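S.K.: What follows is a structure written as structure tokens; I'll ask about it next.
The values are calculated or read from the model by the stated rules, or taken from the named source; none is laboratory data. All values reported here derive from a predicted model rather than from experimental measurement. Here Cβ is always computed from backbone atoms with ideal geometry, including for glycine, and neighbour counts include all displayed protein chains. Calculation scope for accessible area: heavy atoms of the full protein, side chains included, ligands and nucleic acids excluded. Shrake-Rupley method; radii C 1.70, N 1.55, O 1.52, S 1.80 Å.
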Amino acid sequence: MTRTSLAVVLAAGEATRMKSSRSKVLHSVGNLPLIAHVTRAAASAGVSKVALVIGRDGEAVTEAARSGHNVVVTPVEQTERKGTGHAVLAARDIIAEGFDDIVVLYGDAPLIDPASLSAAAAERVRGADVVVLGFQAADPTGYGRLIEQDGELVAIREHKEASAEELAIDFCNGGIITFSGAQAISLLEAIGNDNLKGEYYLTDIVEIARARGLRCVAVKAPEEDMMGCNTRAELAEIEQVWQARARHAAMVSGVSMVDPSSVFLSHDTELGHDVMIEPNVWFGPGVRVGPGAVIHGFSHIEGAEIGAGAQIGPFARLRPGTDLAEKSKVGNFCEIKQAKVGAGAKINHLSYVGDAIVGPGSNIGAGTITCNYDGQNKHLTEIGANAFIGSNSSLVAPVRVGDGAYVGSGSVVTADVPDDALAIARAPQQTKPGRAHRLREKIAAIKALRKSGPGESGQ
Ligand code: UD1
Ligand code: MG
């Protein structure tokens, strides 16, 4: 029979040091809220249910915690903040439903690797009653120290309560504790608050369990996995670690990056093999890039589907709803939004293509603008296959340019152009031989008159 486990995710913190108007677990890393990283990690480690301990912004935190996985998340409120032991007991009714394992996680520590959770679960299977994920701290200040004897964990001593000898220990509590579901409520209820902070320390569970003859062990995990977020500076550090991991994973899967440190990925960025990314590229949420596409430098991309072998940028902006077919090209200083661009079509310079369909093989000249908005509504521009739009044209939507049609440069197209037609919609040129010379003379004469004239300020 498979084991059942309940993740109790603590997210009721005040987070005063974030100086934010919203809960800190709603702040994002890789464009995904911290809390969603945690619940997704729990889900992929196979937990059966999540009890989410909430304080402020409960509804938004719960919604974020539910996204991207199928595990049931039930919010429970911790009205007073009396410590981690007290916070876990807010989930008492759910714990009482009966699970083999209870796993306590922090909602503000998003880098946890599901493999570490599985390693802790494996210790439970081997018979440990309490399993603590620990790490070797570069600077242990502030952390609970893990005190071990003969391969077993005998106590967790909070920094404030530790003796000089205990403070010298650098093996620390990362905060993730897995324990027996059968013993959970009785162990949690035995935790008191007779300590320097007057808080119910979850960490006391170790000594309480030992006193009952239960077995406790510590499992070591990388320090990075345990990073928690208390300040904006820590949020940025966590982002750095997350980005480094995401870039590494992308490169392992066959993506090339000239300068990985300048490429920003989102949690859901999908990059095919042989995609090549130049420096300074930003991927917002919802981007998928097909094999062999090239993303030139300084491109800003979100909500976009980029086909195989397409070329983007440099300095391209792809906004949500962009769908570029294979081998299409979007060049410098182009903005594309809510537009489907056919295979091999080219939008190479200085264009805005929004609310549009561009057929395969079409060429959109420099400076083409789809005038999609009339101040109240958005309208569609349709361009057929193998059409040619001359430079500096405005296509006033709703409008259709047919297959193989040709639009002369500088046109303002307000009516449909049939297949294979040539449309020129601009003032006809007037050319007057010799007039340039006469014009120059006239201007010079006016200038001279101004200089010599009485009472002139000569500006
Ligand atoms: C806790 C551990 C410490 C460990 C450290 C790792 C205890 C007593 N100490 O200390 O051993 O080294 O984490 O980072 O557990 N929270 C609530 N409600 C509460 C109290 C806390 O939801 O009433 C949440 C916080 O928002 C936070 C987490 O629990 O996400 C940990 O609380 P925090 O106050 O940061 O604990 P530490 O003192 O850092
Ligand atoms: Mg903390």
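S.K.: Report, to one decimal in Å, the Kirkwood hydrodynamic radius for region 67-165 based on all distinct Cα pairs.
M.R.: 16.2
S.K.: So who's got an amide H within less than 5 Å of the one on LYS220, skipping anything under 5 residues away but keeping other chains? H placed 1.01 Å off N, in plane.
M.R.: GLY134
S.K.: Additional query: Can you give me the long-range amide H partners of ILE383? Hydrogens built in the peptide plane at 1.01 Å from N, cutoff under 5 Å, separation of 5 or more residues or another chain.
M.R.: Those lying under 5 Å, H to H, from ILE383 are ILE357, VAL358, GLY359, VAL401.
S.K.: I'd like the distance separating the alpha-carbon centroids of region 38-60 and region 251-311, in whole Å.
M.R.: With region 38-60 and region 251-311 each reduced to a Cα centre, they are spaced 30 Å.
S.K.: Working out 0.36 nm times the residue gap between ALA425 and ALA448, then minus their Cα-Cα distance, what length gain in nm do you get to one decimal?
M.R.: Separation in residues times 0.36 nm, less the Cα-Cα distance, equals 4.2 nm.
S.K.: For the chain, state the average projected area of the convex hull of the C-alpha atoms over all orientations, rounded to one decimal in nm².
M.R.: Dividing the Cα hull surface by four gives the mean projection, 35.3 nm².
S.K.: Another question about this same structure. Pairing the Cα long axis of helix 34-44 with the longest principal axis of the chain, what angle in degrees results, from 0 to 90 and rounded to the nearest 10?
M.R.: The angle comes out near 70 degrees.
S.K.: What is the distance, in nm, between label points placed 7 Å from the Cα along the Cα-to-Cβ direction at GLN136 and at GLU270?
M.R.: Each label point is offset 7 Å from its Cα along the Cβ direction, giving 4.0 nm.
S.K.: What distance in nm lies between label points placed 7 Å from Cα along the C-beta direction at THR74 and ALA182?
M.R.: 2.2
S.K.: How large is the accessible surface of HIS159 in square angstrom, using a 1.4 angstrom probe and rounding to the nearest 10?
M.R.: My reading of the accessible area for HIS159 is about 60 Å².
S.K.: Quick one: which residues, 5+ away or cross-chain, put their amide H under 5 Å from the amide H of GLU148? H built at 1.01 Å from N.
M.R.: VAL154
S.K.: Here's another thing I want to ask about it. At 1.4 Å probe size, what's the solvent-accessible area of PHE298? Round to the nearest 10 Å².
M.R.: 110
S.K.: If I stretch the segment between ASP374 and GLU165 completely, what's the gain in nm (0.36 nm per residue apart, minus their alpha carbon distance), one decimal?
M.R.: 67.9 nm
S.K.: Please list 35-45, 418-428, 110-120 highest first by mean number of surrounding beta-carbon atoms within 10 Å per residue.
M.R.: Output ranking for 35-45, 418-428, 110-120: 35-45, 110-120, 418-428.
S.K.: With every protein chain left in place, what is the accessible area per residue of the chain in square angstrom, probe 1.4 Å?
M.R.: 48
S.K.: What value, in deg cm²/dmol to 500, does the helix sum -39500 (n - 2.57) over DSSP H runs of n ≥ 4 give at 222 nm once divided by the residues of the chain?
M.R.: The helix-only estimate for the chain comes to -6500 deg cm²/dmol at 222 nm.
S.K.: To the nearest 10 Å², what's GLU152's accessible area with a 1.4 Å probe?
M.R.: So the heavy atoms of GLU152 present about 50 Å² to solvent.
S.K.: Going by average Cβ density within 10 Å per residue, which order do the peptides 72-78, 342-348 take, highest to lowest?
M.R.: In descending order of packing, they fall as 342-348, 72-78.
S.K.: Separate question: Tell me, rounded to the nearest percent, the portion of alpha carbon pairs in region 356-459 spaced more than 21 Å apart.
M.R.: In whole percent, the share of Cα-Cα pairs in region 356-459 beyond 21 Å is 50.
S.K.: Give me the percent of the accessible area of the chain that comes from carbon and sulfur atoms, probe 1.4 Å, all protein chains in place.
M.R.: With neighbouring chains kept in place, the figure for the chain is 51 percent.
S.K.: FRET efficiency for ARG245 and GLU97, Cβ-Cβ distance as r, R0 = 41 Å, nearest 0.05?
M.R.: 0.75
S.K.: Given N residues in region 132-218, what is its alpha carbon radius of gyration divided by 2.2 N^0.38 Å?
M.R.: Compactness ratio reported: 1.04.
S.K.: What number results when the radius of gyration of region 5-226, computed over Cα atoms, is divided by 2.2 N^0.38 Å?
M.R.: That ratio works out to 0.94.
S.K.: Hey, if you drop one equal point scatterer on each alpha-carbon of region 249-423 and run the Debye formula without solvent, what base-10 log of I(q)/I(0) do you get at q = 0.09, 0.19 Å⁻¹?
M.R.: -0.30, -1.09
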